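The values are calculated or read from the model by the stated rules, or taken from the named source; none is laboratory data. This structure is a prediction, so every number in the text was calculated from the model and none was measured. Using ideal geometry, Cβ is built from the backbone for each residue, glycine included, and neighbour counts are taken over all protein chains shown. The protein model used for the area step is the full one, side chains on, heavy atoms only, and it has no ligands, DNA or RNA in it. Shrake-Rupley method; radii C 1.70, N 1.55, O 1.52, S 1.80 Å.
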Amino acid sequence: MEVTDIGNKEEGKVWHRKPAAGKSVLVTIVRTAQQAKTVRFLQLAFDTTGDSFLAGDHHGNIYVFDISRNRFRLVQKTGQACTALAFSLRRTTEFLVALADYTIKCFDKDTKQLVSWMRGHEGAISSISVHSSGRYAISTSSDTAQLWDLDTFQRKRKLNIRQSVGIQRVFFLPLSNTILSCFSDDSIFAWESDTLFCKYQLPVPDSGPKISYKAFSITRDGKSLAAGGRSNLLHLWCLDSQQLVKVIQMPTQVRTVRQLEFLPDSFDGGASQTLGVLSQDGVMRFINIHTCKLLFQIGSHDDAITSVAVGPNGRHIVAIMDNGSISVFSVQSLTQELNQPPTSQVTVVSGEANQEYSNLKVNIKPDAVQRPAKTSGRRTQVKILRPPAGSAAEDKENELPAGLNKKRLVAMLKAFGEYPAKYRMFVWRSLLCLPENHAAYSSLTDKGLHSSYLTLQDKYPIKSHKLQRGLQRVLSALAHWAAIFGEVEYLPLVAFPFVKLFQNNPMLCFEVVATVIVNWCQHWFEYFPNPPLNILSMMENVLAHHDKELLQHLVDCGVTSQLYVWPLLETLFSEVLTREEWLKLFDNVFSNHPSFLLMACVAYIICCREPLLLCSQKQDFEYFFHHRNNLDVGAMIKEAYRLMGSTPADIHPKTLLSDFTLLTKGQYPVFNHYPEFIVEYQSREREKIRLQELEYLQERQEVSALRADFVRRQAEEEAYYAQQELLQKAEEQRRALLAQEEEKITQQRAKLAAMKRELKVKELQLLDATRRRFLKHQQDLRASQVQSLEQEISRKMDQRERETATAVQDLEVRQMELEAQRRRLEQHLLKEQERIGRRVEEEVEMRMRRSERKEESYTELLHNTQTNIQALEESLAEACQLGLDSDWQREVAERLQQVEDDQERKRERLAELHRQTLAEEERLADTMRDVAGRKWEDVMRTRAQLQEQQQPLTSAHTDGQRPAGPQKPSAAVCAGTNATGPAVTLNFTSPKQAGTNMMCLNSQSPSESTSTVFSLDRSRAQLDSSERQLLKEIRELRQKLAARARESSSASSQSVQTLSSISQ
């Protein structure tokens, strides 16, 4: 027994040495983790084919073991122990895992991906049952059972129960839509899965001990149910009649039944007769439920079994042992004693049909191991046959394996024309006495595919890949068995019908084909590679004896036996008969002498006599013998039997063909009935041709590679030129787009410039309105000041009037003189006022024209230079307000024009511009000081002139009016002094007003002199502050111009780089 430790491997071989034939335990699988600690396996589940099974260990690892391919693979790591496993029958790569956290997960074993996660249970899940259609699944726990839809992975139904009654198991019945639910009170209910309608309830036995069902098993046909529990009694129920049909009592060693499993058989039609019973002692005993005999057992007290899984094909049994390992058992090795012929014992079963429950007990004899006999009824009465004494030798000759008798089979065949379809394969195996040499067949298949059949699918394409692979394996095994079968071209035609019938059992298929070749293809290969002329001549002689007219017609048409006999033989009638007709024919072929096949060919030709006589062309005959025709197979078989009996012995094929020869057991016989030198020569030639083909293919591959390289290079060159053309077109498109974009940008710039102009015009209008508002405010302020001065003057005048009320009479004498003096002074003042008004108007008009010219130049400068416009406008506006001369404005305009023209050299000339700006600032300051000095000189000169003019008047007035009071300055002086002020106006409308004004002008109050001096000092302070503000704004303008020059230079450099990159 080989032990395989998978350890932490994710894939590998199940066994490293192929198990020897006859060993019951194929391999034992263990898994050790760190520190040689064994990881126990917990759950097992087979797939639908029975060739691979799932196994989950205590750490949550799920493995797939493929017995047929000798491989295992880790498909999932769940991280927690699993409590149940099941394969999805619809999608064969998916499987369900019930975990310890009461959830069910669906995984894909190929992609190892999580398909779905189903939650809903509140207790540990003990079992998962999948419907035969694969659409639904039932999960069972101790408190509930839930029905799941495996298409949507949603819960459809939930079975709720009372807390006092627990659920033992809920599962689907095979081949039906019935759900069987088993409870802890031994009640069993059957439900309709679609409507959940209760179909029936199995009656609980009233008498006898209570079993307390724990284990259940159902046959594949869904007709029988076995149940066991805390007793050594087993209950066998018939679900069709819903009755308890048998109670089986196990040996006394069995006290509790842990698990029940029916062992499937290939020929039992789903009505399994072998039941495996796992008891508390760790031993699983297999019994026949009809004969109640112990067949075999696995496990022992030292090597106990905890759970078992039986393959659906009945070939393997996988058991989890008490030490946590997995043992794989071969059912064939366990039942090899059962394949022996049964002993000549007949047991008579007697009893009434309505026997009591206590009489249903049947004891199991643990020491008796017998082959199970196939029975169909519960109570059958067997009649004891007494054969005659003289037929013992004949009966011995007709005895077949498995207890069959050839003579009786032939009689049945003649009575019904064919064997029952249900047992046909079993009958064929018995008739052909197949040895089932597993080891010998494995040695042939281990050699792999034969070189002659590597490209079989090219010559014989088959839609089914499974059938194609099966045909390749069988033909390769035949070629490895005998070299000639690698050279025979029609061998696939001979083997294909049998491969199609036995596609699930390739070993039986190989042995059937080998038996057919050894017996029914005798002398076929003596004239290889030509058809068997001896066989064809033999059949032509038989046809000549029975139908000379038909043979003569064939000869006259130039048709030989290679055309009308050989197509039937090389295909074994598979081209001209349907499946049912072919099976019926070979029921008779396998039941008779090997010459029956040749007679069947002649019978087919004779039965088709009429249509053959109507054919005259060779093509018609070829079509006839390669296609199906309207033929009664029963009549053809009767004709073949007639020919077998009426053909003379001298031409009968039976005299030339040997009797049926069995294949030897253990090893297959040597087949050398063929010209070996021809086969060897053809083999050498084939090998030579194969090598030449390989060389040719290699050269062709090199040429193809060169051609592909040339085509690739050509395609690359064409793609390169196409790419260049596309690039050129793209470049042209980009240039056109750039031109369009530039045009759009130009238009946008024009629009932007227009918008800027509009904005600047609006801004200038706003500035002008602001300036006018400021001037108006200044005028209002001056008017308020004048009004306050007038009020002060009027107050002082009132005071002076009161003071001089006493002196009025004295002044009346001088009134005439003073009146004349006043008139002269008024004339002088009017002239001076008109002269000053004209000069002020001229100066205002000149300044207005200058400001308009400055505004026009400033607007032009703003249009040319888009930077620093607002600062320049403010400086120019303030310069205009302060009365800067036109030389300074022209100098600034020239400098701005120079900056605009020499924008690229701004950085180099920045220092020079700075020096020029400082010089201009100094000149501006000097100019302003000069202007202020000239104005002050004019004021002082005018004051001196007025004082000179006032001196004679003052002296005369002093002489004539000295007693009148203190000396006062003249009105002329006051008028002259105030005439130079910024906002002094004099109106002489009446003598009274003149007198009043005279008093005002002659006033020598300290407030008037102080106000005059203060107005001059304030003008000087305003001029100095305006000068400082102007210098500050010029410095800010210079900094802004330098910053914008740097920005424009960087932007221009970036635009140049962009245009250069686009042009490249």
- Task: Quickly run through the stretch 724-740 and pick out the residues that are of a type in the set (D, E, K, R) and loosely packed, with under 12 Cβ neighbours inside 10 Å.
- Result: E725, K729, E732
- Being open to solvent by 40 Å² or more (accessible area, probe 1.4 Å) and either within 20 Å of K112 (Cα to Cα) or in contact (Cβ under 8 Å) with a residue 12 or more places away in the chain (or both) is the filter here, so list the residues in the stretch 33-43 that pass it. T38, R40, L42, Q43
- Do we have any residue at all in the stretch 214-236 that's surrounded by fewer than 17 Cβ atoms within 10 Å (Cβ to Cβ) and hydroxyl-bearing (S, T, Y)? no
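This table checks each residue for (1) touching a residue at least 24 places away in the same chain (Cβ under 8 Å); (2) open to solvent by less than 10 Å² (accessible area, probe 1.4 Å); (3) on the phi > 0 side of the Ramachandran plot.
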| position | (1), (2), (3) |
| --- | --- |
| F510 | yes, yes, no |
| V518 | yes, no, no |
| H523 | yes, no, yes |
| P529 | yes, no, no |
| S537 | yes, no, no |
| E540 | yes, no, no |
- Scan the stretch 268-282 for residues that are under 48 Å from the mean Cα position of the chain (by Cα), open to solvent by 30 Å² or more (accessible area, probe 1.4 Å) and either of a type in the set (D, E, K, R) or on the phi < 0 side of the Ramachandran plot (or both) and jot them down. A271
- Note on the structure: Of (1) buried (at least 19 other Cβ atoms within 10 Å of the Cβ); (2) in a helix (DSSP H, G or I), E610 satisfies every one except (1)
- Query: Taking the condition hydrophobic (A, V, I, L, M, F, W, C) and under 33 Å from the mean Cα position of the chain (by Cα), does L150 pass?
  - Reply: yes
- Task: Determine the pairs where a residue that is open to solvent by 20 Å² or more (accessible area, probe 1.4 Å), located within the stretch 545-557, has a partner that is aromatic (F, W, Y) with Cβ atoms under 9 Å apart, the partner being 6 or more residues away or on another chain.
- Result: C557/F621
- Task: Please work out which one of (1) closer than 30 Å to D66 by Cα; (2) buried (at least 19 other Cβ atoms within 10 Å of the Cβ) is the condition L294 fails and give its number.
- Result: (1)
- Query: Does any residue of the stretch 170-177 turn out to be hydrophobic (A, V, I, L, M, F, W, C) and open to solvent by 30 Å² or more (accessible area, probe 1.4 Å)?
  - Reply: yes
- With a cut-off of at least 3 residues that are open to solvent by less than 30 Å² (accessible area, probe 1.4 Å), name the strands (runs of 3 or more DSSP E) lying wholly within the stretch 44-134. 52-57, 61-66, 71-77, 82-87, 94-99, 104-108, 125-130
- L585 vs. criteria modelled with pLDDT of 90 or more and not in a helix (DSSP H, G or I): no
- Task: Return the residue satisfying two criteria in turn: it lies in the stretch 778-799 and is among the charged types (D, E, K, R) and open to solvent by 80 Å² or more (accessible area, probe 1.4 Å), and of such residues it is nearest to Q1022 (Cα to Cα).
- Result: D780
- Message: Based on this model, can you work out whether E685 counts as open to solvent by less than 90 Å² (accessible area, probe 1.4 Å), modelled with pLDDT under 85, over 21 Å from I517 (Cα atoms) and out of contact with any helix residue (DSSP H, G or I) (no Cβ under 8 Å at 6 or more places or on another chain)?
- Response: yes
- Note on the structure: Going through the stretch 457-503 in order, the residues found to be over 15 Å from T515 (Cβ atoms), in contact (Cβ under 8 Å) with a residue 40 or more places away in the chain and within 46 Å of the chain's Cα centre (by Cα) are L493, F496
- Note on the structure: Filtering the stretch 297-312 down to residues that are assigned to a loop (DSSP other than H, G, I, E, B) and either crowded, with 20+ Cβ neighbours inside 10 Å or at pLDDT 90 or above (or both) yields G299, A304, G311
- Message: Yes or no: the stretch 11-23 includes at least one residue that is open to solvent by 50 Å² or more (accessible area, probe 1.4 Å) and closer than 30 Å to V130 by Cα.
- Response: yes
- Which residue, of R315, R285, is within 30 Å of K422 (Cα to Cα), of a type in the set (K, R) and buried (at least 21 other Cβ atoms within 10 Å of the Cβ)? R285
- With a cut-off of at least 2 residues that are open to solvent by 20 Å² or more (accessible area, probe 1.4 Å) and modelled with pLDDT under 80, name the helices (runs of 4 or more DSSP H) lying wholly within the stretch 374-484. 392-398
- Check the stretch 423-433 and report whether any residue there is on the phi > 0 side of the Ramachandran plot and in contact (Cβ under 8 Å) with a residue 60 or more places away in the chain. yes
- Give me the pairs, please: first residue somewhere in the stretch 55-73 and closer than 12 Å to V97 by Cβ, second residue anywhere and open to solvent by less than 30 Å² (accessible area, probe 1.4 Å) and of a type in the set (S, T, Y), beta-carbon distance under 7 Å, and either six or more positions apart or on two chains. A55/Y63; G60/T78; I62/T78
- Task: Looking at (1) assigned to a loop (DSSP other than H, G, I, E, B); (2) open to solvent by 90 Å² or more (accessible area, probe 1.4 Å), find the lone condition where R700 falls short.
- Result: (1)
- Query: When you look at E526, is it charged (D, E, K, R), under 30 Å from Q667 (Cα atoms) and not in a helix (DSSP H, G or I), yes or no?
  - Reply: yes
- Query: Has the stretch 138-155 got at least one residue that is free of Cβ contacts under 8 Å to residues at least 12 places away in the same chain and either in contact with a helix residue (DSSP H, G or I) (Cβ under 9 Å, 6 or more places away or on another chain) or over 21 Å from V257 (Cβ atoms) (or both)?
  - Reply: yes
